[in-house]
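Any read-out appearing in this document is the output of simple, stated calculations on the displayed coordinates, not a laboratory observation. A quick note: this is a predicted structure, and the numbers were derived from the prediction, not measured. Please note: Cβ atoms are built from the backbone with ideal geometry, for glycine as well, and neighbour counts cover all protein chains shown.
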Amino acid sequence: MRVLLIGLGLVGVNICRILASSSRVSELICCDKSLSKINSIKSSLLKLNLYNDFLSNIEFKELNASRIHEIEKLAKRADIVINAALPIFNIKIMKACLNVGVNYLDLASNDYAKAEQLSLHEDFIREGLTAIINSGFSPGLTNLMAKWCSEVLTEIEVLKIRLIEDQIPYWRIWSWSPYLTIEHFASPPIVYENGRFKIEEPLGGVEEYVFPTPIGKKRTYLIYGDEIATIPNYIKVRKLDLKSGGSEIEFIKGLYNLGLFKNNEIKIGKKRIAPLRMLYELSKKFNGYNPMDYIHHLDDMVIAVSLEAIGVKGGEKSMVRIHALPPSLSELLSKNVMSTPTAFSAAAVSSMLIESFHEIVKNKGVYPLEALEISLVEKILSNLSSHYNIKVVYEPIKIIKDVSR
């Protein structure tokens, strides 16, 4: 398979490293607008003895993802384009794929509360092409786990998605670009309930949730997630929400409580400014930020995702839970993988989809991961455990007794 990878950020560089040693990838073209970033990745591959071993299969190119003709020129040489650039380029890159007849995969949506990529579903069907969207960690792995829950229970009433990212001993570094982090937490969460989407207060709905060992009980809050916008289209559910916790969110919660996420202007001396705008302006000094430059401040970083579904199985009210525990930061570093756990996991999911694309491509159109066949979902989850040490834990079904009887 010939692959064009656009975007060599935190996730893209991990995808590059993984696919560089994939037997299914015959040619890999890695692109970014930053020449310095390209040279840095070349250097890291040399240190891992990957670039020399696969030199004939890897090519690096400068590319401006806002220029559709540049994308088309390189996409003609590929069987699939992986969009690991910012989601604002989703539609432009998808249209380039349609123009030259190439399949597509991306990591997240751009539009609030909807997957704009689905608007091109009929176009991809008409061209006989396949696009798999929102294929990272969250969304991505969360969608695969939601699909599994929907197959275990006959009906789902409530589906809870719970995430955790903890820095040890406490929050010290931004896990992603500060600008994108602020933008994410400034987006009001959406909850799906009784056939309708509701907008909730950011970082509200506090809940103590028990994650698997070694993480345990953690405080979680409502946050925005792309998966909430797509899952109800493919899985029948009465209520669906996403909450997350951990050291970075507790820090963000503190900023939120201070009023720094408000858009209303306040008077400072003789000037008026919105606190949120001030945060955005301050974050611009972190352009080009890479958390791996600051990991020496941490002892470790751990993440996990848990899904809990309550519904009906065999005529009885039941509950099922599934968990994913990716390698910690210290485990990754011990294997010379210079990545945060979240970026590594997102790359592992998208890379595993590339490995399985010969099965996915049978279905033409645009699809999120919860639309995949359960047999393929189970295979991907199994391979994430065996290939990337992302431990997937399946809890047995529990019957919920009705105490009112």
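Over region 235-326, what is the relative contact order in percent, taking alpha-carbon pairs closer than 8 angstrom and at least six residues apart?
Working: 60 pairs, mean separation 13.0, N = 92.
After rounding, I find 14 percent.
Please report the equivalent ellipsoid semi-axes of region 141-340, computed as sqrt(5 x eigenvalue) of the Cα gyration tensor, largest first, in whole Å.
Calculated on Cα positions only, the semi-axes equal 32, 24, 13 Å.
Would you mind calculating the relative contact order of the chain from Cα pairs under 8 angstrom and at least 6 residues apart, reporting the percent as a whole number? Walk me through the numbers on the way to the answer.
On the way: 804 pairs, mean separation 79.4, N = 405.
In percent, rounded to a whole number, it is 20.
Under a cut-off of 20 Å between alpha-carbon atoms, report the aspartates and glutamates in cross-link reach of Lys335, not counting same-chain residues fewer than 8 places apart.
Asp53, Asp293, Asp299, Asp300
May I ask you to derive the relative contact order of region 141-340, considering only C-alpha pairs under 8 Å and at least 6 residues apart, and to give it as an integer percent? Walk me through the intermediate numbers first.
Numbers: 365 pairs, mean separation 64.9, N = 200.
For region 141-340, the relative contact order is 32 percent.
Once Lys and Arg get +1 and Asp and Glu get -1 on their Cβ, which of Trp176, Ile295, Leu260 lies farthest toward the positive end of the dipole of region 141-340?
Leu260
Considering only C-alpha atoms, what is the centroid distance from region 55-83 to region 364-380, in Å?
Region 55-83 and region 364-380 have Cα centres separated by 26 Å.
List the pairs from Lys92/Lys362; Lys114/Lys391; Lys218/Lys398; Lys61/Lys362; Lys236/Lys317; Lys95/Lys236 whose alpha-carbon separation is above 19 Å, in the order I gave them.
Numbers: Lys92/Lys362 24 Å; Lys114/Lys391 30 Å; Lys218/Lys398 22 Å; Lys61/Lys362 30 Å; Lys236/Lys317 16 Å; Lys95/Lys236 31 Å.
Flagged as over cut-off: Lys92/Lys362; Lys114/Lys391; Lys218/Lys398; Lys61/Lys362; Lys95/Lys236.
Check cross-link reach from Lys271 to the lysines: straight Cα distance under 24 Å, and skip same-chain residues fewer than eight apart.
Filter leaves Lys262, Lys284, Lys285.
Give me the one-decimal Kirkwood hydrodynamic radius in Å for the chain, with the sum taken over alpha-carbon pairs.
Details: mean 1/r = 0.0455 Å⁻¹.
Mean inverse Cα-Cα distance, inverted, gives 22.0 Å.
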